[in-house]
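First up is the structure itself, then whatever we jot down about it.
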Amino acid sequence: MRKLAIIVLGSPNDSEGNLSSIAIERCQQTLAEYSRNPDAYILPTGGWGEHFNTTDKPHGYYLRQYLTAHGVPEGQILECAESANTIQDAMLSKPIVERQCITDLIVVTSDFHVPRAQFLFQREFPGIRLSFSASKTNLPEDDLIRRMQHEEKALAKLKQNHRLRGQ
C-alpha cells in the first residue's frame, strides 16, 4: 500500500522564530503539494544552527506552526528531523520514514537547492520512490547567484567524496 510523505527542508528563521522568505516559499510549495495529495504526511526538517536558527525551538517547530496555520491538520505532520544541514536532513529523515512505513517521498526545497538535495536523498533512500518539488526563490539576483555558486561547490565536493569512497 502506498504511503506518501512530503519532506519540507529547513531554511532560516530569525531570532524570534519568524520564517525567512525562503522558508515561507518552501512552506507554500509544501501546501501546494499537500493540496494535490491530501492523504500525505508532512515531515519538517531543521533543528538549530548559527546560520539558520538560534532560538530555543527547532526550526521544524516554526514550519509546523506555519503549516497548521494554513490548514494542515496537526495529525498529518510527523515529528521533525532536527537537522543542522542538508546531509542531516536526509539522514535524520530516514528513521522517521522507516518507522512510518512511508513508500513515496516528495522532497520540497528551493529551486537553487534541488540538485544537491536530489543527490543526498537518492543516496539515502535507494528503495523509496522519490520526487522533488522546487519552490521559486525570490531573492535579489546577486544573493541568488551567490547561493547557486555555493550549491554547485557543495555538490561537487559531495560527488568527489562519494567517488573517493568508491560508492
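Quick note: the coordinates plus some simple rules give every number you see, no bench work behind them. The model shown is predicted, which means the values in this text are computed figures rather than measured ones. Backbone-built Cβ (ideal geometry, glycine too); neighbour counts: all protein chains shown.
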(request) Identify the residue in segment 35-45 that is buried (at least 21 other Cβ atoms within 10 Å of the Cβ) and free of Cβ contacts under 8 Å to residues at least 40 places away in the same chain and, among all such residues, is nearest to ALA81 (Cα to Cα). (result) PRO44
(message) Suppose the filter is among the small types (Gly, Ala, Ser), more than 25 Å from PRO126 (Cβ to Cβ) and either assigned to a strand (DSSP E or B) or under 14 Å from the mean Cα position of the chain (by Cα) (or both); does ALA23 pass it?
(response) yes
(message) For the list (1) more than 26 Å from GLY17 (Cα to Cα); (2) not in a helix (DSSP H, G or I), I need the number of the one condition that LEU155 fails.
(response) (2)
(message) Name the residue that is farthest from ALA154 (Cα to Cα), counting only residues in segment 88-116 that are buried (at least 16 other Cβ atoms within 10 Å of the Cβ) and β-branched (Val, Ile, Thr).
(response) ILE102
(request) May I ask you to list pairs of residues, at least six apart or on different chains, whose Cβ atoms are under 7 Å apart, with the first in segment 10-26 being within 11 Å of THR137 (Cβ to Cβ) and the second being outside any loop (DSSP other than H, G, I, E, B) and β-branched (Val, Ile, Thr)? (result) SER11/ILE22; ARG26/VAL8; ARG26/VAL108; ARG26/THR109
(message) Among the residues in segment 54-74, are any polar (S, T, N, Q), assigned to a loop (DSSP other than H, G, I, E, B) and crowded, with 17+ Cβ neighbours inside 10 Å?
(response) no
